[in-house]
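All remarks here apply to the structure that follows.
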Amino acid sequence: MKITRLPASAREGDVQSRERRVAVGSFDGVHLGHREVIRGCDSVLTFDPHPTAIVAPQHTPKLLTPLPVKAELVEQLGVQELIVIGFDAEFAKRSAKNFIDEVLIGALSAAHVSVGENFRFGNRAQGDTHMLAADDRFSTRVAPLLEVEGEIVSSSHIRGLVLAGEVAQATRFLGAPFQMRGEVAHGDERGRELGFPTANLIPEDALVVPGHGVYACLADGMAAAVNVGVRPTFVTGRGELVEAYVLDFEGDLYGRQLRLDFLERLRGERRFSSAEALVEQMRLDVERTREIVAAHHG
């Protein structure tokens with residue numbers, strides 16, 4: 001898949017001229033509703049950073065997917081080109097008409113535009129689906145909001161589920177397990193002393209992190225019991241940490257980029273009376289993780 005970065009001043013001649021069937025949106029998480037919007041399109045137009053970060057920074061959401069992960073998920077849908085607009089204060093001032101004339105028509109030669117039913121665009125969000133549908137220079141498809149199990153699928157709802165630790169429910173809406181990635185950092189090796197050496201990831205501030213607790217995960221496809229939290233049994237003075245104990249793995253993961261797929265929450269984070277009690281619980285967590293991963297692969 002080709003990735004094209006458009007300057008915020010996007011205009012005619014900025015990209016290769018060809019007719020495009022383009023889906024437009026933020027697409028954070030590339031969830032089932034987004035996939036419906038993208039279906040049948042050869043191009044996806046998205047924004048980086050998230051428009052809210054510029055328009056109303058105090059309401060900036062923590063993101064489900066950083067841009068590289070979003071690009072991978074979009075590519076898996078068979079899209080030929082991801083067009084990324086560098087969203088800034090200047091771009092936010094563009095009128096809805098200007099966005100259609102200069103970006104959709106001028107820069108992208110859109111023959112078909114696909115959006116979700118709640119899509120708004122242009123300065124002060126004055127543009128909507130009716131404005132797109134009324135433009136006869138391209139055909140417009142408005143994908144209705146998707147419902148799964150009686151609930152609307154939305155990025156904000158999925159963020160809430162992940163923050164609450166409801167990762168199995170988030171999977172149903174995302175269409176795949178929630179994932180996070182990061183470079184394995186050196187911890188204080190407490191896990192190694194307890195017989196459970198962990199790969200430690202420092203969460204990025206801008207991204208959603210599952211609520212504190214213990215999870216059954218895949219770490220680069222291998223079964224892993226993962227603790228998210230601040231380690232209440234040991235006073236470390238550390239901030240939030242994601243610690244992955246990769247089952248049946250011998251080797252060094254330091255410096256490696258690790259991908260975690262969150263399958264199921266095992267329990268909340270809690271303080272144990274002793275290291276022995278913690279180790280006993282960790283043994284149970286590992287066995288339960290083994291069962292969940294086996295069922296997932298089954």
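The values are calculated or read from the model by the stated rules, or taken from the named source; none is laboratory data. Everything numeric in this text was worked out from a predicted model, so none of it was measured. Neighbour counts run over all protein chains shown; Cβ positions are idealised from the backbone, glycine included.
Summary of computed values
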| item | result |
| --- | --- |
| Given (1) without any contact (Cβ under 8 Å) to a residue 24 or more places away in the chain; (2) at negative phi; (3) not basic (Lys, Arg); (4) not in a helix (DSSP H, G or I), number of the condition PHE262 does not satisfy | (1) |
| Some residue of region 123-136 being at pLDDT below 95, out of contact with any Ser or Thr (no Cβ under 6 Å at 6 or more places or on another chain), small (Gly, Ala, Ser) and within 18 Å of LEU45 (Cβ to Cβ) | yes |
| Out of VAL103, VAL115, sole residue that is among the hydrophobic types (A, V, I, L, M, F, W, C), assigned by TED's automatic domain parsing to the domain that holds SER26, within 22 Å of GLY33 (Cβ to Cβ) and not in a loop (DSSP other than H, G, I, E, B) | VAL115 |
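Residues checked against (1) surrounded by fewer than 19 Cβ atoms within 10 Å (Cβ to Cβ); (2) under 29 Å from PHE262 (Cβ atoms):
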| residue | (1), (2) |
| --- | --- |
| LEU82 | no, yes |
| PHE91 | no, no |
| ARG94 | no, no |
| GLY127 | no, no |
| THR140 | yes, no |
| GLU149 | yes, yes |
| SER154 | no, yes |
| ILE158 | no, yes |
